[in-house]
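The block underneath contains the structure these notes are about, expressed in structure tokens.
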Amino acid sequence: MSTSRSSTATDTPPTTLSAGGPSLLEVHDAVLLDLDGVVYVGPHAVPHAADSLTRAVGDGARLAFITNNASRPPSTVAAHLRELGVPAQDGDVVTSAQAAARHLQQRLDAGSRVLLIGGAGLAEALEAAGLTAVGSLADGPVAVVQGFSPDTSWARLAEATHAVRSGLWWVATNLDSTVPTPGGPAPGNGLLVQLVARAAGRDPDVVCGKPERALFDEAVARLGARRALVVGDRLDTDLQGARTAGLTGLLVLTGVTGVVELLAAAPAERPHLVGRDLRSLRDAHPGPVVERGEDELVVRCRDAAVRIGAGGASVVAAAAGPDGLDLLRAAAEAVWQARDAGLERDWRVDASVLVEPVVRSLPADTPAAVDEVGEGVGDGL
Ligand SMILES: [Mg+2]
């Protein structure tokens, strides 16, 4: 198991779980929300998302919906959200296309020509930033911007390749390797960017989408937020991005991350907080308490406790707590602390034995609980 390779960037206490105060909405003045797996899954709203966000807005919270998807204009995304009952205005949606356009706006003179490889959302963002989208190298662009569009052809990719080979500044909206489709994952912008990079022999100069910080910076600037909270379901985009941008990250268990992935999280992609779903914006988030002895580590979270020591890893007290996540918090903190300190290796501990009891302690309607019990727990840590 490669455990500490990324410890150079963040091997300090902030890689552990934090306490979140009586309610996250009392601590944070803005909430930057990932969409798929947090607010909706495909065409359906995530349970409790619309109600929780409506209440949050009623309480004065400012929301931004941040997405790596550069192909849909914000108005389209906002309309979809309103259909699901989520209070969203067009200006609340922040896309990687807008972050890319903002980057180019800061770098280039007003009206500069930019070779556009992408869809309507990216074209709209360039125009709003006062830049001129062009379709060919012969039009004299001074930069290239590449975002996802299902209509990108070989001819467009060839044009992009020629442009970046000529040395033009090259901005990618995001590097997601896949996009969700009704039939399952399909090639995303990251793979299309890779095609150009391989053909041109170089990488993009700038990437704007999660986990890079440009998208978060754009949202924070737009809201004028001082203490923004990032909410996401993916460790390697949302939560890593929150840390990169210096923001607090809340993982919700309504998307792709379950117990196995959380316990295995590298320091750079760990959340500061864990919640069941968007109701957790109003939950109290207790910080785990670590007791370190000579040959064991005990982590408590309210009434839950997990021990990792020379005799193995075990649940000392399986209390779930008010939101059902206290044992998960204790286990994650214990595994991370033991791993970061090299104790898991020294004590020859197999922390994967914690997965099954933790999954069983989760609320029954938590997707992570349902998925992992169904698939057989304990593998892959
Ligand atoms: Mg997501």
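A few comments on the model shown:
- ALA225 modelled with pLDDT of 95 or more, assigned to a helix (DSSP H, G or I) and of a type outside the set (Lys, Arg): no
- Some residue of the stretch 90-98 being touching an Asp or Glu at 6+ places or on another chain (Cβ under 9 Å) and over 21 Å from ALA172 (Cβ atoms): no
- In the stretch 115-144, of all residues being among the hydrophobic types (A, V, I, L, M, F, W, C) and closer than 14 Å to SER166 by Cα, the one that is nearest to the chain's Cα centre (by Cα) corresponds to VAL144.
- Flag for ALA158 being modelled with pLDDT of 95 or more and closer than 30 Å to GLY246 by Cα: no
- Applying the set (1) at pLDDT 95 or above; (2) in a helix (DSSP H, G or I) to GLY249 leaves exactly one unmet item: (2).
- Inter-residue pairs, beta-carbon under 9 Å, first at negative phi and surrounded by 24 or more Cβ atoms within 10 Å (Cβ to Cβ) and in the stretch 215-240, second aromatic (Phe, Trp, Tyr) and part of a helix (DSSP H, G or I), 6+ apart: VAL230/PHE216
- Meets criteria (closer than 18 Å to ALA221 by Cβ, within 16 Å of the ligand (Cβ to nearest atom) and surrounded by 16 or more Cβ atoms within 10 Å (Cβ to Cβ)) for LEU81: no
- Candidate set: the stretch 30-55, residues that are on the phi > 0 side of the Ramachandran plot and touching a strand residue (DSSP E or B) at 6+ places or on another chain (Cβ under 8 Å); chosen: the one farthest from the ligand (Cβ to nearest atom): GLY42
- Among residues of the stretch 170-188 being in contact with a Leu (Cβ under 7 Å, 6 or more places away or on another chain) and surrounded by 15 or more Cβ atoms within 10 Å (Cβ to Cβ), the one that is nearest to VAL142 (Cα to Cα) is VAL171.
- Complete set of residues in the stretch 254-289 that are assigned to a loop (DSSP other than H, G, I, E, B), more than 12 Å from the chain's Cα centre (by Cα) and within 15 Å of the ligand (Cβ to nearest atom): THR254, GLY258, ASP277
- The residue of the stretch 230-240 that is farthest from the ligand (Cβ to nearest atom), among those that are more than 22 Å from ALA19 (Cβ to Cβ) and part of a helix (DSSP H, G or I), is ASP236.
The values are calculated or read from the model by the stated rules, or taken from the named source; none is laboratory data. Note that the structure is predicted; figures quoted are calculated from it, not measured. Every residue, glycine among them, receives a Cβ derived from its backbone with ideal geometry; neighbour counts consider all protein chains shown.
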